[in-house]
Amino acid sequence: MQYPTATVEQTREHLAQLMQFLNWLTPVIFVFSLVYAATALIFGDIATGISSGVIFGYGVVLLIARWYLSQKHVQLAIQLVCLGFLASALIIVLAQPALYPNMIIIPMLVVAIALPYLHGSVLWRLLVLCWAAVVVIVAIGIWRSTPSAVPLWFTDLLQMSAIAGTSAFGLFLLWQFHRRLLRMFQQMQATHSELQQAYSEVEERVNTQSRLLAALEQQHSTIDALSVPILPIAKDTWLLPLLGWIDQQRLEAIQARTLDTLYTQRGRLLIVDMTGITSLALEIASGLRDLVQSVRLLGAEVVIVGIRAEVAQTMTQSSVLIEGVQVERDVTVALEQVYATLHGHSPAENGWRV
């Protein structure tokens, strides 16, 4: 299982909180060591003296853990604090079984200390160890009893003070945990705000690009219309002026628009003006031949005008011949002859002008 990697700021905050906890815990441990030592001397109780030595030893362990923490050895510092706490609790309950109610809290406190810093199998082993420590502490407290020279009322006072101290540190850890959660929540809010702002910017960019694409498509439509200008010159006659260089894409556009216009408008005559064509590739010439044949299949006649010498030579050498199609020099002559053939008189008599 992958665990999230803490940022540099979060790592510094965790180190600061752990150091703050040790700065509070260490002097309190030494104070309890002195209290237990004084109690042992006053009442001459060996078990209390053993507990005093154990508590003092744990204080020394805390000092070592603080040094490791200052050297950024967080895992080692945590292990010293937690294992030292558990070992001290077990030894003290062996020496003074009457203190077992207080010692039960210590494994829970150890888990609270370790949770922010340990992960995976290490944390699971510590949890099992703490659970086993609770069972052992309860068993010793119930089944083992040792005589004590310390009066019962004073033992109760020591037990109450120990419970107050351990519970205070447990609440202190909860307060640190609350601060950590609050900081994470604030960071999540800041990240959410940044993401919302980024999303708004992206959405605005998408809308802008959509508008630009729509305008570009409109321009393409205009360009396509200008590049394939099929013009009506009568209700049944259309002029297709071809200008400039024709590639395969433009040829396909010319074919599609011409056939669609003649079909929808029921055109009877298409005049293809090639005056503006100075050169013609073989495949384009073949495509124009296919266009003429398709127009004739629609029932319309085709007249080609304005073929330059270079284009005529290319079509002849390449064997691209358009059979059965009338060819004229210019549009005016084509209109006069074709219209006379179709209607029996010239277009000028009908008021047409080219």
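Read-outs throughout are calculated quantities, based only on the coordinates presented, and are distinct from any laboratory measurement. Predicted, not measured: the structure shown is a model, and the values here were computed from it. A quick note on method: Cβ atoms are made from the backbone with ideal geometry, for glycine too, and the neighbour counts reach across all protein chains shown.
Does the chain classify as rounded, prolate or oblate by the C-alpha gyration tensor (a ≥ b ≥ c root eigenvalues; a/c under 1.5 gives rounded; else a/b over b/c gives prolate, otherwise oblate)?
Numbers: a/c = 6.49, a/b = 5.95, b/c = 1.09.
Prolate.
Check V302: other-chain or 5+ apart residues with amide H under 5 Å from its amide H, H built from backbone geometry?
Result for V302 returns L270, Q326.
Once both labels are modelled 7 Å past Cα along the beta-carbon direction, what's the M188-L212 spacing in nm?
Here the answer is 3.7 nm between the modelled labels.
Filter the trypsin sites (Lys or Arg not before Pro) in the stretch 226-297 to those in DSSP coil with at most 13 other Cβ atoms within 10 Å of their Cβ, and list the result.
Answer in residue order: K235, R266.
Take L298 and M19, extend 7 Å from each Cα along the Cα→Cβ direction, and tell me the distance between the two endpoints in nm.
8.6 nm
Could I have the simple spin-label model distance between R289 and I142, label points 7 Å from Cα toward Cβ, reported in nm to one decimal?
10.6 nm
What residue among A309, M19, C130 has its Cα farthest toward the positive end of the dipole of the chain, where the charges are +1 on Lys, Arg and -1 on Asp, Glu, each on the Cβ?
C130
Checking the a/c ratio against 1.5 first, then a/b against b/c, what shape does the Cα gyration tensor give for the stretch 8-194?
prolate
Evaluate the charge dipole of the stretch 8-194 about its Cα centre and quote only its size in Debye, nearest 20, assuming +1 on the Cβ of each Lys and Arg and -1 on the Cβ of each Asp and Glu.
On the way: 8 positive and 5 negative charges, 57 e Å.
Its charge dipole is roughly 280 debye.
Suppose R0 equals 22 Å. What FRET efficiency, 1/(1 + (r/R0)^6) with r the Cβ-Cβ distance, do L171 and V122 give to the nearest 0.05?
Values: r = 26 Å, r/R0 = 1.17.
With a Förster radius of 22 Å, E is 0.30.
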